[in-house]
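Comments concern the structure below.
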Amino acid sequence: MKSPLLSLPGAVPAEGPDEGVAAHYGDLFREQRALADGTGFVDLSHRGVLTVTGDDRLSWLHLLITQHVSELPAGRATEALVLTANGHIEHALYLVDDGSTTWVHVEPGTQGALLAYLESMKFFYRVEVADRTEEFALVHLPAGSIVNLAEGEAAAVRETPYGRDVFLERGRLEEFAAAHGPAVGVLAHEALRVEAHRPRLGFETDHRTIPHELGWIGTAVHLQKGCYRGQETVARVQNLGKPPRRLVFLHLDGSEVHLPGPGTPVRLAADGPDGRKLGFVTTSARHHELGPIALALVKRNVSVDAELIAESTAAAQEVVVEP
């Protein structure tokens with residue numbers, strides 16, 4: 001999906017998983033400050049959109065995902081995961097129910113596989129699942145935004161501590177931008193996500209990530225709900241053990257010109273660039289106030305006081321998930 005907002009002045013296309021929308025519109029730090037101040041919006045129209053309808057939609061979803069949604073009130077935002085049988089993270093879902101339809105947005109390109117899984121689990125339940133990505137787009141209004149959405153302007157809205165996720169008809173993107181700009185690129189949105197220590201599927205996850213490693217217990221995983229695929233692993237690690245890795249936030253040396261990219265090895269500073277690999281960078285960003293920052297996954301037993309390096313860049317760690 002290529003956004004029509006890439007035609008706005010100064011738009012520079014994003015690459016990789018965020019291809020299809022703007023990375024920035026010419027001034028990354030100005031755009032970050034705008035978001036932090038509650039102004040502008042982020043074009044996330046490349047994300048996948050699914051809907052679930054039918055009388056059994058919430059009780060059925062409750063059986064399949066990690067979150068308790070069987071009595072989810074209309075208008076309340078939540079997030080959830082779909083796990084493999086071994087408890088590894090397969091999908092991340094961001095949901096809201098409007099009383100008749102459950103709206104879901106997911107990482108770009110993952111909606112097809114998620115739809116196929118949900119379709120395979122319908123059985124006798126009164127539910128219909130649809131990929132609505134071609135019809136509906138997602139935009140994000142930051143926390144503190146005073147934008148008043150007109151009646152009928154949005155198909156659904158997710159109110160979160162970080163702002164509002166707005167589902168709107170894809171053909172109304174340019175109209176929305178004209179009414180509620182300025183547009184802000186995904187790089188600014190990502191910098192604030194890293195600052196807030198919020199994990200993202202495909203960035204902080206790999207094929208063996210479990211929810212405990214990223215701090216998704218509580219926010220996306222409900223520990224007192226009934227059975228779902230992968231629950232045994234979740235319960236065992238929660239009650240009897242510790243996850244093998246933990247998410248950390250890194251303050252990077254600001255004198256370095258280049259940011260350490262995803263996959264950059266993390267080691268003890270005392271061991272130098274040839275030391276034993278203890279983890280890797282998952283996302284890095286340049287923040288308008290904090291300077292260069294990153295999220296990384298490291299081995300659980302790495303001391304919280306250890307001085308680290310990402311390749312050759314000094315990195316002071318901040319605990320996100322307790323060891």
Which listed residue (Thr51, Pro323, Ala22) has the Cα farthest towards the positive end of the charge dipole for the chain, taking +1 on Lys and Arg C-beta and -1 on Asp and Glu C-beta about the Cα centre?
Pro323
Lysine-lysine proximity count for the chain, Cα under 28 Å, sequence distance 8 or more or distinct chains:
5
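Could you work out [θ]222 nm for the chain from helices alone, using -39500 (n - 2.57) per DSSP H run of at least four and dividing by all its residues? Round to the nearest 500 deg cm²/dmol.
On the way: 6 runs with 55 residues, N = 323.
So the helix-based figure for the chain works out to -5000 deg cm²/dmol.
Using only the alpha carbon atoms of the stretch 1-83, find the Kirkwood hydrodynamic radius as the inverse mean reciprocal pair distance, in angstroms to one decimal.
Computed over Cα pairs of the stretch 1-83, the Kirkwood hydrodynamic radius comes out at 15.8 Å.
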Cα extents of the stretch 82-143 along the principal axes, largest first, in whole Å, come to 36, 28, 21
Hey, any idea what % of the stretch 1-101's accessible area is carbon plus sulfur with a 1.4 Å probe?
50
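May I ask you to order 250-263, 178-191 by the average number of other C-beta atoms within 10 Å around their residues, highest value first?
Details: 250-263: 15.1, 178-191: 20.7.
So the peptides 250-263, 178-191, ranked by packing, come out 178-191, 250-263.
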As an exercise, identify the GluC sites (Glu not before Pro) in the stretch 285-323 lying in DSSP coil whose Cβ has no more than 12 other Cβ atoms within 10 Å.
Glu289, Glu307
For a distance above 23 Å, tell me the whole-number percent of Cα pairs in the stretch 186-323 that qualify.
34
Averaged per residue, what accessible surface does the chain expose to a 1.4 Å probe, in Å²?
44
Expressed as a percent, the accessible surface of the stretch 142-238 that is carbon or sulfur, using a 1.4 Å probe and the full set of protein chains, is 51
Taking max minus min of the Cα coordinates of the stretch 212-268 on each principal axis, largest first, gives extents in Å of 50, 21, 16
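The values are calculated or read from the model by the stated rules, or taken from the named source; none is laboratory data. Quick caveat: nothing in here was measured; it's all calculated off a predicted structure. A quick note on method: Cβ atoms are made from the backbone with ideal geometry, for glycine too, and the neighbour counts reach across all protein chains shown. When the accessible area is computed, the model is the full protein with side chains, heavy atoms only, and any ligands, DNA or RNA have been set aside. Shrake-Rupley method; radii C 1.70, N 1.55, O 1.52, S 1.80 Å.
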